[in-house]
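The values are calculated or read from the model by the stated rules, or taken from the named source; none is laboratory data. All figures in this text were calculated on a predicted structure; none of them were measured in a lab. As a convention, Cβ positions derive from the backbone with ideal geometry for all residues, glycine included, and neighbour counts pool all protein chains shown.
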Amino acid sequence: MEPLILAWLAPYLGTLLVMLLKDRGWKAKSAVAILSILTAALAATAAAWRVVEAGETIRWAVEWVPSLSVDIGVYFDGLSSLMALVVSWLSFLIAVYSYEYMEHEEGQTRYWIFFTFFVGSMMLLVLSDNLLTMFIGWEGTGLASYSLIGHWFSDEEEHWVGDPGRKALGKQMWFEPSHSGLRALVFTRLGDVGLIVGIATLHIAAGSTMFAAIAGGKWAPLLARSGVLLFFLWMLFLGAMAKSAQFPFHEWLVTAMTGPTSVSALIHAATMVKAGVYFFLRFAPFLVAAAYVLQGAVPGGAHTVAAFLQWMALIGGFTAFMLATMALVSRELKLILAFSTASQLGYMFLGAAAGTLVEGGLGGMYTGFAHLASHAIFKATLFLAAGAVIHAVHSRFIDDMGGLWEKMKITATSFILASLSLAGLPPFMGYWTKDEIIHISFQGALWVPAILSWVTAGLTAAYIARAFTRVFFGDKHWHVKEPHEPGPYMWAPYLTLGSLSLLLGIAWPLIAPTVEETLKHSMGVAALEVTLAPHLEAPLVPESTLLLALTALLATIYIYGVKRADLYAAAVKSRAWAALHAFLYDRWYVNSIYYWVFVDGTKALATLLKKYFDQLVIDNFYHKALPAATLWAVNFTANVLEKDWDALLHKHLVDAFKKAWRAFRSLQTGQLSDYIAYMWIGISLVVLLLCLVMGCKP
């Protein structure tokens, strides 16, 4: 067996071992879980080294479901090997952080079981060479996230997200862990229904679920001629949109903050929310190949692919902008980071779509993956550092923080390094990757998403500057005696990641060509490039983006750090500003609208069905009409049919038997002469009968 299969198998084995060690102490279970993830990371590193150095693709598989042409094993090409590196090493650092963070919490065995299962599922998803095993890993992450988000299912208020008691449009805006876990499961499963339809359709069209059979795009003409190509693409990518929290599926990610902070870092930085982006990156070259095949086979077919990518770009740009506006006014530290995550995922979708349109499959993969890796590093830093802050002040609200720089310099340094990368300032890694997305959007003439992404760059700098200024500087509002740094098991991972965000940014001009060259060794990238969008010049876009971000950052620091202004108090004095603040704070009322339309709408429909169908139709049919019809049938049978049969069987037949019996009894005279006469008569009748039957000669 290929040892590299440990890249996804080791965490699953860790899950099994943690189950077996359920009665052992925290150290034993933690050691097994952390070492299993470290094993996966080392296997992924060994494979990535071979792919980068030799430019080879590593595939080892055994036949699993022959009827569906499905294998199971590992597939390391350029994209999957780089993605496996990001997922495995970030998961390992978060696992180390968890050792101290979760040490005194309840449900320790359950935590490690689903943590390792989650990592194994994500690695299986990344390293699959076919849609079926990818889907198994995909669903595995969904199942584990349900448990991890709802880890504190006893629903204590300290683990809620949102302001207790707050309502918007009459709907509650606070969520308990058990509620949030269920929301995550429902939202992502809705998208997965579309993904299943897409996989099934692709199997029919291509005759296989193997990526190698799909990469050439020969399935596209059949779907285009059938008139279902665009519908198929939407269905196929619906799961990716839900997993990566694109509008209108973003609400599950926001309320997933009820889980432990280590879970937030795992789900929102390195793994689950990146699964949809990874799916997009994997299919980007396949879409280019499909467009190339369609150019000569189906008139207008390539335009359908281009139009779909343009819609993906628009959704990504709108998601980035929408969630960034929410982060501007949020009071909860983790919630700010959750809004930020969804916003940055929008950037990744925009980058993958715009890159594919302008520069083909490789362009889409590079643009999307670069920001994926950048975001994974700085957002994991931010979440882990936020967990340390919340643990220190015993509050999730930034109103209860402030002045923590003096007490938590390591945490503050890590947080600020990651914040500057998120804000897109040089020389941090986020500067290069976000700038590439905005720039290529303008080059592709995707004007609406390009402008939205440009504006979002300023909003991003503003909301993250507001967060670190109010948390680490300004007036002290914490109600604890003495906030302090956590132990090294917690601060070492996020200090490492924060520093890495800076170091990789400095080295990115040297690293980027290697990353792009490695991605060339990905399935389908060799397909002929197709021009799906114009390649315009976009002068001054990088400079203007940087100027906007820097201006927003410095202005926000001045407002909150120097002037110590309370913008909320100023806003509520004006009805217009108060209404705008409420609109943003209550998440554009999207959550409330969902509950009004889907939850309350479903309840109202159920009530109507109960009243006008269940009661009027079903109840009346079963409890009135059917019994009445049965009673009528019984009466009809009794009166029309049963009455005559009853007279025949119980009266006429009985009377006939009585008469026959009386006649027979009248023959019993007791006289011998009568009996002799009867005998001769009988014999004569028998002889006569025999003569008639057999014939008698005279």
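Quick notes on this one:
- Hey, residue 450 within 27 Å of residue 360 (Cα to Cα) and either hydroxyl-bearing (Ser, Thr, Tyr) or surrounded by 23 or more Cβ atoms within 10 Å (Cβ to Cβ) (or both) or not: yes
- Residue that is farther than 27 Å from residue 356 by Cα and aliphatic (A, V, I, L, M), where the choices are 510, 553, 504: 553
- Scanning region 262-277 for residues that are farther than 9 Å from residue 243 by Cβ and not small (Gly, Ala, Ser) returns 263, 266, 267, 268, 271.
- Among the residues making up region 306-359, a single one is in a helix (DSSP H, G or I) and acidic (Asp, Glu): 359.
- Wholly enclosed helices (runs of 4 or more DSSP H) of region 604-697 bearing at least 1 residues modelled with pLDDT of 80 or more, surrounded by 10 or more Cβ atoms within 10 Å (Cβ to Cβ) and not hydrophobic (A, V, I, L, M, F, W, C): 626-636, 653-666, 672-694
- Test: residue in region 319-341 that is among the aliphatic types (A, V, I, L, M), surrounded by 24 or more Cβ atoms within 10 Å (Cβ to Cβ) and within 19 Å of residue 235 (Cβ to Cβ): no
- Among residues of region 78-88, those that are buried (at least 23 other Cβ atoms within 10 Å of the Cβ) and out of contact with any Lys or Arg (no Cβ under 9 Å at 6 or more places or on another chain), counted: 3
- Boolean, residue 267 is surrounded by fewer than 24 Cβ atoms within 10 Å (Cβ to Cβ) and either touching a strand residue (DSSP E or B) at 6+ places or on another chain (Cβ under 6 Å) or among the β-branched types (Val, Ile, Thr) (or both): no
- In region 52-77, the residue that is surrounded by the most Cβ atoms within 10 Å (Cβ to Cβ) out of those that are of a type in the set (Phe, Trp, Tyr) and under 17 Å from residue 522 (Cα atoms) is 76.
- Qualifying residue in region 13-24 (condition: within 27 Å of the chain's Cα centre (by Cα), modelled with pLDDT of 95 or more and not aliphatic (A, V, I, L, M)): yes
- Residue match in region 17-34 (condition: in contact with a helix residue (DSSP H, G or I) (Cβ under 7 Å, 6 or more places away or on another chain), under 28 Å from residue 277 (Cα atoms) and either part of a loop (DSSP other than H, G, I, E, B) or aromatic (Phe, Trp, Tyr) (or both)): no
- Number of the condition not met by residue 187 [criteria: (1) aromatic (Phe, Trp, Tyr); (2) more than 22 Å from residue 121 (Cα to Cα); (3) at pLDDT below 95]: (2)
- Residues in region 373-402 that are in contact with an Asp or Glu (Cβ under 9 Å, 6 or more places away or on another chain) and assigned to a helix (DSSP H, G or I): 388, 392, 393, 398.
- Enumeration of residues in region 456-489 that are modelled with pLDDT of 95 or more and farther than 30 Å from residue 346 by Cα: 485, 486, 487, 488, 489
- Among all positions in region 443-457, there is at least one residue which is out of contact with any Gly (no Cβ under 9 Å at 6 or more places or on another chain) and either acidic (Asp, Glu) or not in a helix (DSSP H, G or I) (or both).
- Search result, residues across region 25-49 that are under 26 Å from the mean Cα position of the chain (by Cα) and closer than 19 Å to residue 80 by Cα: 37, 38, 40, 41, 44
- Filtered residue count, region 295-305, keeping only those that are aliphatic (A, V, I, L, M), modelled with pLDDT under 95 and either buried (at least 23 other Cβ atoms within 10 Å of the Cβ) or assigned to a helix (DSSP H, G or I) (or both): 2
- Helices (runs of 4 or more DSSP H) (entirely within region 194-260) containing at least 1 residues that are among the charged types (D, E, K, R) and crowded, with 24+ Cβ neighbours inside 10 Å: 229-243
- Residue that is farther than 14 Å from residue 120 by Cα, modelled with pLDDT of 95 or more, hydroxyl-bearing (Ser, Thr, Tyr) and not in a loop (DSSP other than H, G, I, E, B), where the choices are 80, 67: 80
- Among the residues making up region 168-190, those that are surrounded by fewer than 20 Cβ atoms within 10 Å (Cβ to Cβ) and either in a helix (DSSP H, G or I) or without any contact (Cβ under 8 Å) to a residue 40 or more places away in the chain (or both) are 172, 174, 178, 179, 182, 185, 186, 189, 190.
- Only a single criterion out of (1) buried (at least 20 other Cβ atoms within 10 Å of the Cβ); (2) farther than 18 Å from residue 80 by Cα is not satisfied by residue 143, namely (1).
- Count of region 470-505 residues, restricted to those that are crowded, with 22+ Cβ neighbours inside 10 Å, in contact with a Leu (Cβ under 8 Å, 6 or more places away or on another chain) and closer than 23 Å to residue 374 by Cα, is 6.
- Annotation note: Cβ proximity below 7 Å between a residue of region 565-591 that is surrounded by fewer than 12 Cβ atoms within 10 Å (Cβ to Cβ) and a residue that is small (Gly, Ala, Ser) and part of a helix (DSSP H, G or I) (sequence gap 6+ or interchain) occurs for no pair.
- Residue 37 passes every criterion in (1) in contact (Cβ under 8 Å) with a residue 60 or more places away in the chain; (2) surrounded by fewer than 20 Cβ atoms within 10 Å (Cβ to Cβ) apart from (2).
- Every pair of residues 6+ apart whose Cβ atoms lie under 8 Å, when the first sits in region 276-291 and is surrounded by fewer than 24 Cβ atoms within 10 Å (Cβ to Cβ) while the second is charged (D, E, K, R): 279/243
- Helices (runs of 4 or more DSSP H) completely within region 472-581 that count 2 or more residues being of a type in the set (S, T, N, Q), under 24 Å from residue 379 (Cβ atoms) and over 37 Å from the mean Cα position of the chain (by Cα): none
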